[in-house]
1. Residue-wise, which Karplus ³J(HN,Hα) couplings in Hz belong to the range 412-425, taking 6.51 cos²θ - 1.76 cosθ + 1.60, θ = phi - 60°, and x for glycine or proline?
2. Would you work out if the range 187-238 is rounded, prolate or oblate? Take a ≥ b ≥ c from the square roots of the eigenvalues of the alpha-carbon gyration tensor; rounded if a/c is under 1.5, else prolate when a/b is larger than b/c, oblate otherwise.
3. Going 7 Å from the Cα of Arg405 toward and past its Cβ, which residues in the range 493-526 have a backbone nitrogen under 18 Å from where you end up?
4. Ignoring ligands, DNA and RNA, what accessible area per residue does the range 514-603 give at 1.4 Å, in Å²?
5. Accessible area of the range 534-653 with a 1.4 Å probe: how many percent of it is carbon plus sulfur?
6. Which whole-Hz couplings ³J(HN,Hα) result when phi for each residue of the range 376-382 is put into the Karplus expression 6.51 cos²θ - 1.76 cosθ + 1.60, θ = phi - 60°, listed in order with x for Gly and Pro?
7. What is the sum of charges, Lys and Arg at +1 and Asp and Glu at -1, for the other residues whose Cβ falls under 10 Å from the Cβ of Leu237?
8. Past 22 Å, Cα to Cα: identify those pairs from Lys235/Lys339; Lys377/Lys490; Lys439/Lys493; Lys249/Lys377, in the order given.
Amino acid sequence: QQIQEDLNKQLLDNLVSFLSQSHSEFQEKTTEWTCRMKFREIPTAALVLGVNVTDHDLTFRGLSDVLQENITPYIALLEAKDCPGIKNLMQKLMGQLMNCDIDVDTLEDEDCVQVSQNKIRCSMSSLINWYESVTKKTDSETPSKKRNSSSRHWQSPPVVVIFKDMESFTTKVLQDFIVISSQHIHELPLVLIFGIATSPMIIHRLLPHSVSSLLCIELFQSLSCKEHLSTIIDKLLLTSQFPFKLGEKVLQVLFNIFLYHDFSVQNFIKGFQLCIVEHFYSQPLSVLCCQLVDAKKRVNFLSHDQCENIRRLPSFRRYVEKQESEKQIALLTTDSFLKEETEKLLEDLHVYHENYVSVLRCLHVFTSSLPKYPLGKQIRELHCACLENQVWETEEYESSLQLARMLNKTDLVTMLQQCVEILLSSSGKEFDKTVEKLKEFLTQFQNLEAEASQERDVSVSSQKELQKKTDLYHLQKTLLELKESRRSKKLTKFEMLRFEVIDYIDSLVRTYLVPADNRTLHEVVYFNAAAVLRGHLNAAPRTALHTALNNPHWYLKNQALKCDGGGISNKAPDICIVYKLHLECGRLINLVDWLEAFSTVVMAGEEPNADAASSDQVDDIIHARFIRAVSELELLGFIKPSKQKTDHVARLTWGGC
């Protein structure tokens, strides 16, 4: 939440500045304000937030809090679903500004709102009268200054109306509200904020020129959702501060949902939170995560059962197999020795994470500047590649090294400087020699410049000597030597140094970017159950419907609904009986036959009634139940009326789930 507030700070500060400027002009009645009022222009902020609509609420909530803190207490947030007409819009607007609840169904007059014991008509004149009364009341309570020292707001604060989803508003509602407001702008300091998900051009598509000309529009652009997500990943995932980690497949599930479904950072964070809950719920050793934060804490609190759980971990088994026989026996039989070893292994895992993040950032400095981005432009793509397998064995990594070996000196020096800064700011303690080595490379690059200038002088002098030689024999000999030297051209000092730098970075990658699956006790902190997460996040409505209708016991937990061998219980809900019967039919279903089968199932186990009148009444009830169940099935999309036969319906779904 703090990260999101920091990301939106620049945008909110710009909006506050815009509103302050518009407001001050209204306060002072400047020439610009008078000119604007002459043309009835309404100050309007077009806020482009992107298509990640589910994240907009958080932005608007933060905007509302900032405006209430610094500019004005009079803010209304309007949504298209609540404003189908201008009357509803005015009701919502006045209700929010006057802090009163609106229930249209309980009001005799739909054009009024209930304020205290009085009903106020929803009109612009009523809004102006209310605004004048509250501002005069404020003026009488505080000294008359341009801005009161005892108050956070101006004497005549603006009325801010935020249209959260402008694209969803009908054209007529927007036009009517803007035209009416422009006629009273000299009495009411109104400011509009349009929340836009697509493009600012939507304003001119929704509003004709005669209406859009009444707005003084200024454009504001928020950060893209991809940049937002990159920051979240950088601050939350790629850090050793938080011990909990996500496996490669889990990350891919979350990234795919983000990139191909909704672009919602909020939903990504909810998925991340779900992973935390699932990990700590399903992994009995997740309690050891705290050891990665504070290495001084001991693991003596582990019970014998938890020690046995550690011994069952696949990574710990591999670790034991590599030890000497005496140590193997101690690890598998002595709990106290196991606890001491576990503490060391957890400390090693924490150090691994610190080093991994630093070297990953250094590698990203190189790969993100290469053409075609073989390992991806974003650090999240590189992170997934390193988690998946040994990245140095992939073709993309080899391509990146080949491209890196063709970098020019300026880019290479800049990258080395960035790597030095990353390693110096790292909490890892193993990078002192690495930093010295990188600084040594930088010094060698600086020395090459002086040598290069001397070589240029030598080449110029040799060319002059060649021009002096007029003897044909010596001239041919010199030219042949030059030709031979070009054929067997040796690497220059810069090229040799460049190769040495890239090879050194490659050695760092092979040392520190080992996949987490190879580390002992990685199961304690890494959540890898991608299938479980996918089952929670990726909705499968048809499968859920089939399970509910075919086996209602799965959801209702009623033992009486259990049926073995594909039978149909007469105690099941009517729609379940109708659904199971329809699975036995072909493309067209005869309604009469269907009804008879339904009646047979429902009446199974019941004694026949001899009374004819009662029997007819029961048949009518069963008929009504059948009609309702078939209608529900049609509503769910399993069947539809058939044009071929009036007494038949067509089946729409086939195959198993």
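1. 5, 5, 4, 5, 5, 5, 5, 5, 4, 4, 5, 6, 5, 7
2. prolate
3. Only 493-510 fall inside the zone, counting backbone N under 18 Å.
4. So the range 514-603 comes to 52 Å² accessible per residue, rounded to a whole number.
5. 54
6. So the J values, rounded to whole Hz, are x, 7, 7, 5, 5, 5, 5.
7. Value of the local net charge: +2.
8. Correct reply: Lys235/Lys339; Lys377/Lys490.
The values are calculated or read from the model by the stated rules, or taken from the named source; none is laboratory data. Please read all numbers here as calculations on a predicted model, not as lab measurements. Please note: Cβ atoms are built from the backbone with ideal geometry, for glycine as well, and neighbour counts cover all protein chains shown. Areas reflect the complete protein model, heavy atoms only, side chains present, ligands, DNA and RNA absent. Shrake-Rupley method; radii C 1.70, N 1.55, O 1.52, S 1.80 Å.
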